[in-house]
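Colleague: Dumping the structure here so I can ask a few things about it.
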Amino acid sequence: MENRFKNWKHPKIKEGKLTKYYWLVQNNKNLKLGKKTDIGAFTYINAKNGVEIKDNVQIGSHCSIYSISTIDNKEGKIILEKNCKIGSHCTIMPGVMVGENSVIGAFSFINKDIPANTLAYGIPVKIIKKINEK
């Protein structure tokens, strides 16, 4: 993976506009983006209450990350810890933390914290097993 990110540069993020990688952020002043991140096309991030994506995080395409939900009036900062991986088409709800080195399977609905070094997936997300650290 190091070769893949050899020339990584922080992407230019403009409010409500697609990046050159075709993902979009609202409230971008509240987004903290680490180094060597990989965010898939057509992912939407609403950072109104803060979204922190730490180093080496991978997010698949078509994900939705909400720090605010107007349907159930929930709000809260989202933290994606170092080296976690979020499968494509996942939805992350307000106030959730995904632990370091954790892997979330595609199409999951993440509405609770996921501990470090964990495999989790489902609707709603369920912890499946602990995984070995890298």
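Colleague: Could you tell me how many of the residues in segment 105-134 are assigned to a loop (DSSP other than H, G, I, E, B) and free of Cβ contacts under 8 Å to residues at least 40 places away in the same chain? Don't jump to the end; show me each part of the working.
Modeller: Here is the first cut: in segment 105-134, the ones assigned to a loop (DSSP other than H, G, I, E, B) are 105-108, 111-113, 115-117, 122-125, 131-134.
From the residues that got through so far, the ones that are free of Cβ contacts under 8 Å to residues at least 40 places away in the same chain too are 105, 107-108, 111-113, 115-117, 122-125, 131-133.
Of the residues in segment 105-134, 16 are assigned to a loop (DSSP other than H, G, I, E, B) and free of Cβ contacts under 8 Å to residues at least 40 places away in the same chain.
Colleague: Also, quick follow-up: Which one is modelled with the lowest pLDDT among residues in segment 64-82 that are assigned to a loop (DSSP other than H, G, I, E, B) and of a type in the set (D, E, K, R)? Can you show your working first?
Modeller: Filtering segment 64-82 for residues assigned to a loop (DSSP other than H, G, I, E, B) gives 67, 70-73, 76-77, 81-82.
Retained after the next criterion (residues that are of a type in the set (D, E, K, R)): 72, 77, 81-82.
Values: Asp72: 92, Lys77: 98, Glu81: 98, Lys82: 97.
Only one residue tops the list, namely Asp72.
Colleague: Looking at Lys36 and the list (1) within 18 Å of Tyr66 (Cα to Cα); (2) under 16 Å from the mean Cα position of the chain (by Cα); (3) not in a strand (DSSP E or B), which single condition is not satisfied?
Modeller: (1)
Colleague: Do any residues in segment 28-51 that are at positive phi have Cβ atoms under 8 Å from those of residues that are small (Gly, Ala, Ser) and surrounded by 15 or more Cβ atoms within 10 Å (Cβ to Cβ), where the two are at least six apart or on different chains, and which pairs are they?
Modeller: That search, which allows pairs on different chains as well, returns Phe42/Ser61; Gly50/Ser67.
Colleague: Can you tell which of Asn117, Asn111 is at pLDDT 95 or above, touching a strand residue (DSSP E or B) at 6+ places or on another chain (Cβ under 8 Å) and farther than 21 Å from Ile13 by Cβ?
Modeller: Working: Asn111 fails: touching a strand residue (DSSP E or B) at 6+ places or on another chain (Cβ under 8 Å).
One residue alone meets the criteria, Asn117.
Colleague: Moving on to the next point. Take the residues in segment 83-94 that are touching a residue at least 40 places away in the same chain (Cβ under 8 Å) and surrounded by 20 or more Cβ atoms within 10 Å (Cβ to Cβ); name whichever of them is nearest to Gln58 (Cα to Cα).
Modeller: Let us first name the residues in segment 83-94 that are touching a residue at least 40 places away in the same chain (Cβ under 8 Å), namely 83, 88, 94.
With the extra rule that they be surrounded by 20 or more Cβ atoms within 10 Å (Cβ to Cβ), the set shrinks to 83, 94.
Working: Asn83: 7, Pro94: 19 Å.
Only one residue tops the list, namely Asn83.
Colleague: Another question about this same structure. From Thr19, Thr70, Thr43, grab the single residue that is surrounded by 17 or more Cβ atoms within 10 Å (Cβ to Cβ) and of a type in the set (Ser, Thr, Tyr). Working first, answer last.
Modeller: Numbers: Thr19 fails: surrounded by 17 or more Cβ atoms within 10 Å (Cβ to Cβ); Thr70 fails: surrounded by 17 or more Cβ atoms within 10 Å (Cβ to Cβ).
So the residue among Thr19, Thr70, Thr43 that is surrounded by 17 or more Cβ atoms within 10 Å (Cβ to Cβ) and of a type in the set (Ser, Thr, Tyr) is Thr43.
Colleague: Scan segment 1-33 residue by residue and report those that are hydrophobic (A, V, I, L, M, F, W, C) and assigned to a strand (DSSP E or B).
Modeller: We begin by selecting, within segment 1-33, every residue hydrophobic (A, V, I, L, M, F, W, C); these are 1, 5, 8, 13, 18, 23-25, 31, 33.
Within segment 1-33, Leu18, Leu24, Val25, Leu31, Leu33 meet the criteria.
Colleague: Let me ask something additional. Inspect segment 42-50 for any residue being of a type in the set (Gly, Ala, Ser), assigned to a loop (DSSP other than H, G, I, E, B) and within 10 Å of the chain's Cα centre (by Cα) and give the result as yes or no. Before the answer, list the steps.
Modeller: Going residue by residue through segment 42-50, those that are of a type in the set (Gly, Ala, Ser) are 47, 50.
Add one more test, that the residue is assigned to a loop (DSSP other than H, G, I, E, B), and what stays is 47, 50.
Now narrow it down to the ones that are within 10 Å of the chain's Cα centre (by Cα): none.
Within segment 42-50, none of the residues are of a type in the set (Gly, Ala, Ser), assigned to a loop (DSSP other than H, G, I, E, B) and within 10 Å of the chain's Cα centre (by Cα).
The values are calculated or read from the model by the stated rules, or taken from the named source; none is laboratory data. This one's a predicted model, so the numbers in the text were calculated from it and none came from an experiment. Here the Cβ is made from the backbone with ideal geometry for all residues, glycine too, and neighbour counts use every protein chain on show.
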